[in-house]
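So the structure is just underneath, and the comments pick up after that.
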Amino acid sequence: MRTSVTKRLPKPTEWPVVKQLQRGDPHALGETAATDRSRNLAPRTREADKVVASVCPYCAVGCGQLIYVKGDKILDIEGDPNSPISEGCLCPKGSATFQLVTSSQRVQHVLYRSPFATEWEVIPLAQAMEMVAQRVKKTRDENWQPFAENGDEVNRTLAIAHLGGATLDNEENYLLKKLFNSLGILQIENQARI
């Protein structure tokens with residue numbers, strides 16, 4: 001079954017080629033290419049109350065970012081042109097930081113799955129931090145080695161290791177190394193480099 005659709009055809013003066021010729025814009029790069037929608041477009045950053053300088057969280061390069069905020073809501077995140085490191089440029093991961101911090105899929109609470117459980121449960125952050133601290137202390141105490149096999153004093157544990165993620169910068173990794181060395185942990189590595 002055929003249905004007829006009545007569609008208004010543009011007048012010859014509305015044709016793009018005619019507009020281009022009439023306006024002296026043969027490549028349609030100027031006003032000829034504009035639409036009502038494109039004429040009313042405005043940057044998200046125009047509505048910002050303040051701009052906060054920050055550092056990209058993805059690697060140890062430390063690219064500068066500008067965070068545009070209105071009230072308590074982040075409107076946009078862009079590269080900081082005043083950054084001596086990145087001069088306003090961001091890699092694809094850094095450019096996606098806005099999605100990282102504003103995504104509705106972002107987990108905003110601590111999830112814990114006890115051994116042999118099939119479901120996750122939400123627990124308070126303070127409880128999770130206490131659980132981690134107790135497990136580190138227990139493992140350290142149970143595996144402490146004051147002396148090596150040859151009798152040298154070593155004061156260490158080989159039962160704990162640390163691998164920092166690429167979102168930690170050099171300063172954070174420095175502090176982590178100091179913390180874990182003070183606990184007698186020797187196997188410490190990070191990804192604070194590209």
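Here, each number is a calculation from the coordinates, and none is a lab measurement. Just so it is clear, the structure is predicted and the values come from calculations on it, not from any experiment. A quick note on method: Cβ atoms are made from the backbone with ideal geometry, for glycine too, and the neighbour counts reach across all protein chains shown.
Among the listed values (1) 96, 52, 35; (2) 56, 33, 31; (3) 97, 42, 30, the one matching Cα extents along the principal axes in Å as calculated from this structure is (1). To check you understand DSSP bridge types, tell me what percent of the beta bridges within the chain (both residues inside) are antiparallel, rounded to 5. In the chain, approximately 80 percent of DSSP beta bridges are antiparallel ones. When region 39-158 is described by a simple charge dipole with +1 on each Lys and Arg Cβ and -1 on each Asp and Glu Cβ, the residue from 136, 118, 75 located farthest towards its positive end is 75. Among the lysines of the chain, pairs at least eight places apart or on separate chains and with Cα atoms under 25 Å apart come to 11. Within region 110-189, antiparallel bridges make up roughly 60 percent of the DSSP beta bridges whose residues both belong there.
Quick one: compute the contact order of the chain, relative version, from alpha carbon pairs under 8 angstrom and 6+ residues apart, as a percent. About 15 percent, as a whole number. Computed over region 105-152, the Cα gyration tensor eigenvalues convert (square root of 5λ each) into semi-axes of 34, 12, 9 Å, ordered from largest to smallest. Coupling constants for region 33-44 follow from the phi torsions by the Karplus curve (6.51 cos²θ - 1.76 cosθ + 1.60, θ = phi - 60°), and in residue order they are 7, 6, 10, 4, 5, 5, 5, 9, 5, 9, x, 4 Hz; glycine and proline get x.
Simple point charges give the picture: +1 on the Cβ of Lys and Arg, -1 on the Cβ of Asp and Glu, and for the chain a dipole about the Cα centre of about 1280 debye. Per residue, the average separation of C-alpha pairs within less than 8 Å and at least 6 apart gives region 25-104 a relative contact order of 21 percent. The relative contact order of region 110-189, computed from alpha carbon pairs under 8 Å that lie at least 6 residues apart in sequence, is 21 percent.
Mind checking Rg over Rh on region 110-189, alpha carbons, Kirkwood formula for Rh? Display every interim value, and only then the final one.
Numbers: Rg = 15.7 Å, Rh = 14.8 Å.
Using Cα coordinates only, the ratio equals 1.06.
Quick one: which of 75-88, 23-36 comes out on top by average Cβ neighbours within 10 Å, and what's the full order, highest first?
Details: 75-88: 16.6, 23-36: 10.9.
The peptides rank, most packed first, as 75-88, 23-36.
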